[in-house]
């Protein structure tokens, strides 16, 4: 058996669902096995340039329930400390959610009238 024939067999094995292939031609016996499927290696994220840390506050759910915004909020909008953000309702319990600080809304973490889990981010506020 020559190298070209062995390479053809390797290509044949690679394209099949088989995990191994054994071929005997004359006095030559060749056994090919596929390597076990390993985990894919994730590419490392490019290193970002260090920026001064912005002070942010995460508003998190303190219970499991349905969250409803008190009014429409959007990223980029301003919010005052103590302002009512919305309500979390679970059975007959209703908890108000207030802004812990004033600033600019950086992110909205859930949708209006949507279920929230304990500790889920509802809003991120960039303090000014």
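Here, each number is a calculation from the coordinates, and none is a lab measurement. In this text, all values refer to a predicted model and were calculated from it rather than measured experimentally. Every residue, glycine among them, receives a Cβ derived from its backbone with ideal geometry; neighbour counts consider all protein chains shown.
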Residues of segment 55-69 with amide N under 16 Å of a point placed 7 Å along Cα→Cβ from residue 111: 66-69
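Give the relative contact order (percent, whole number) for the chain; include only Cα pairs under 8 Å separated by 6+ residues. Present the calculation step by step, with values, prior to reporting the outcome.
On the way: 217 pairs, mean separation 30.1, N = 128.
Here the relative contact order equals 24 percent.
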Expressed in nanometres to one decimal, the distance between label points 7 Å along Cα→Cβ at residue 104 and residue 31 is 6.7
Within the set 110, 101, 18, GNM on the chain using Cα springs under 10 Å gives the largest fluctuation to 18
Rounded tilt (10° steps) of 3-14 against the dominant C-alpha axis of the chain: 40
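Quote the convex hull volume per residue of segment 56-127, based on C-alpha atoms, as a whole number of Å³. Intermediate results must be reported in sequence, preceding the final value.
Numbers: hull volume 4.9 nm³, N = 72.
So the per-residue Cα hull volume is 68 Å³.
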Distance (nanometres) between label positions extended 7 Å along Cα→Cβ at residue 56 and residue 22: 5.9
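Relative to the present Cα-Cα distance, how much length would full extension add between residue 95 and residue 120 at 0.36 nm per residue of separation?
Details: separation 25, 0.36 × 25 = 9.00 nm, distance 1.46 nm.
The span from residue 95 to residue 120 would gain 7.5 nm if fully extended.
Sum -39500 (n - 2.57) across every DSSP H segment of at least 4 residues in the chain, then divide by the residue count to get the 222 nm mean residue ellipticity, nearest 500.
Values: 1 runs with 12 residues, N = 128.
The helix-only estimate for the chain comes to -3000 deg cm²/dmol at 222 nm.
What per residue convex hull volume, in Å³, comes out for the chain when only alpha-carbon positions are used? Walk me through the numbers on the way to the answer.
Working: hull volume 26.3 nm³, N = 128.
About 206 Å³ per residue, rounded to a whole number.
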